Amino acid sequence: MEGITQNKTAGDWNPAEVRMSFFRKPITNKVPESKPVSLFWVYQYVRGRWAMPETEQLRIIADKDEARKFKGSNFDYITPSGLFSYCSDQCLMKHSGLITMDLDELNERTEEMFEKLIDDPAFDTLLLFRSPRGNGLKWFIHIDLSRCDHRTWFVAIRNYLMVTYQLTEKQVDAQCINVSRACFLCHDENAYLKTELIEYF
């Protein structure tokens, strides 16, 4: 992985200025709200109470298919990797310089991985929160698109996570390779945001 990872955000890219598209539930709604949102806005949303009832209800649904349907119907979502006119890779208007890695089924390792990713030696963790079902994580980091494209970054970071933290292919969601990949906004009052971003606002 040497040569593909990065210790700090590069060049003039400023995480406080990043904007992404926001979509109202359900997941079948592919048209974004007119106003883009920031990392700080996402942090406030997740830490707030907007999705608390839905998150609590989802976490008591045992059946995976039922849980998937409930999540798709009841949670707003964002496209962290950019601004879109429609939620489709072909409708990307501007890349945000972000990629979100979706770590699934961490189960008893969820809190351990939360702490380890905050202190990851290769990438600055900009935003990190528990997934809607509570057994995974959403990890937001910067990618320098002048070095390689979104898909190449994804493959490299996925391999890095599996090797560094002994995660399985199933635990590092391969579908996040798509630039328009949706990220559901749930409730996590203990979400992490890089200190400089909180101080910026």
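Once fully extended, how much extra length lies between D12 and R59, figured as 0.36 nm per residue of separation less the alpha-carbon to alpha-carbon distance?
Gain on stretching D12 to R59: 12.9 nm.
Would you list, by chain and number, the aspartates and glutamates whose Cα falls below 19 Å from the Cα of K30, excluding same-chain residues fewer than 8 positions away?
Straight-distance partners of K30: D76, D89.
May I ask you to list the lysines whose Cα is less than 25 Å away from that of K116, ignoring any residue fewer than eight positions away on the same chain?
K8, K138, K170, K194
Can you tell me which of 61-68, 137-144, 111-118 comes out highest on packing, and rank the rest after it, using the mean Cβ neighbours within 10 Å?
By packing density, highest mean first, the sequence is 137-144, 111-118, 61-68.
Give me the one-decimal nm value for the distance between modelled label points at R49 and Q166, 7 Å along each residue's Cα-to-Cβ direction.
4.2
Taking H as built 1.01 Å from N, whose amide H comes closer than 5 Å to the amide H of L98, not counting residues under 5 places away?
Under 5 Å from the amide H of L98 lie the amide H atoms of I143, each far enough along the sequence or on another chain.
Just report the Cα centroid separation between segment 160-199 and segment 73-87, whole Å.
Taking the Cα centre of segment 73-87 as reference, the centre of segment 160-199 is 15 Å away.
Can you spot the aspartates and glutamates whose alpha carbon is less than 14 Å from K71's alpha carbon? Ignore those fewer than 8 places along the same chain.
E54, E56, D63
Throughout, read-outs are computed from the coordinates displayed, never taken from laboratory work. These numbers come from a predicted model, not from an experiment. Every residue, glycine as well, gets a Cβ built from its backbone with ideal geometry; the counts of neighbours run over all protein chains shown.
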